[in-house]
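The structure under discussion appears below in the form of structure tokens.
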Amino acid sequence: MKEFYASFKKTRWFPLLIGILAVTLGIFCILHPAAEMERLALWAGIVLLAYGLLRVIAGLLVKDNRKLLVMNVIYGLIVVVLAVLVFANLTLIGKYLPVLAGFFLILSAIADLFRSIVLLKNGSRTWWINAILSLAVLVLGFVFLLKPGFVGQTFGIYTGVTLLLLGVTNLIHFAQFGKK
């Protein structure tokens with residue numbers, strides 16, 4: 001676990017960038033909850049592309065940890081491919097955006113829960129804040145996935161709140177990894 005923690009420290013700027021991006025987009029969604037789904041799909045594609053590229057870069061920066069390198073690069077490339085698919089199919093993606101967002105949020109929450117475990121094992125006293133926020137994102141991800149019609153009616157607000165939680169979680173990760 002210490003090896004993973006050392007690798008996370010090398011890419012500690014990654015949660016900062018994702019946090020800022022998620023909080024910014026979350027605020028946009030809350031301020032414009034009725035934005036058309038196609039426009040939200042375009043923003044989702046931009047976020048996915050940025051997130052995927054940052055994961056690839058983060059993976060390449062941790063060359064001394066082969067498992068983390070492969071995990072980040074593969075995950076990042078999958079997200080980049082998803083972004084390209086979003087750009088190629090904006091209307092279709094807009095129609096299914098709540099379900100797709102649910103899958104993405106669930107995957108992100110699971111990754112954040114893993115980071116919380118790493119923080120716990122490395123003596124962080126505030127690891128539980130990350131765990132609680134990650135669980136909240138996980139629950140909202142399942143709401144997006146299981147109730148897309150309901151979420152679709154208020155997608156902008158749900159997306160904004162969820163992105164704010166995801167962003168705050170990443171900003172907390174950034175702050176905690178910088179302490180040790």
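Just to be sure before I move on: is Thr11 at pLDDT below 85 and either within 23 Å of Val137 (Cα to Cα) or surrounded by fewer than 16 Cβ atoms within 10 Å (Cβ to Cβ) (or both) in the structure I sent?
Numbers: at pLDDT below 85: yes; either within 23 Å of Val137 (Cα to Cα) or surrounded by fewer than 16 Cβ atoms within 10 Å (Cβ to Cβ) (or both): yes.
It is true that Thr11 is at pLDDT below 85 and either within 23 Å of Val137 (Cα to Cα) or surrounded by fewer than 16 Cβ atoms within 10 Å (Cβ to Cβ) (or both).
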Within the range 120-142, is there a residue that is among the hydroxyl-bearing types (Ser, Thr, Tyr), at negative phi and modelled with pLDDT under 85? yes
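Just checking, which of Leu92, Leu119, Leu85 is under 24 Å from Met71 (Cβ atoms) and either surrounded by fewer than 16 Cβ atoms within 10 Å (Cβ to Cβ) or among the small types (Gly, Ala, Ser) (or both)? Don't jump to the end; show me each part of the working.
On the way: Leu92 fails: under 24 Å from Met71 (Cβ atoms); Leu119 fails: either surrounded by fewer than 16 Cβ atoms within 10 Å (Cβ to Cβ) or among the small types (Gly, Ala, Ser) (or both).
Testing whether each residue is under 24 Å from Met71 (Cβ atoms) and either surrounded by fewer than 16 Cβ atoms within 10 Å (Cβ to Cβ) or among the small types (Gly, Ala, Ser) (or both) leaves just Leu85.
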Looking for something among the β-branched types (Val, Ile, Thr) and buried (at least 20 other Cβ atoms within 10 Å of the Cβ) - is there at least one such residue anywhere in the range 98-116? no
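The values are calculated or read from the model by the stated rules, or taken from the named source; none is laboratory data. Here the structure is a predicted model, which means the values were calculated and not measured. When we count neighbours, we look across all protein chains shown, and the Cβ atoms used for this are built from the backbone with ideal geometry, even at glycine.
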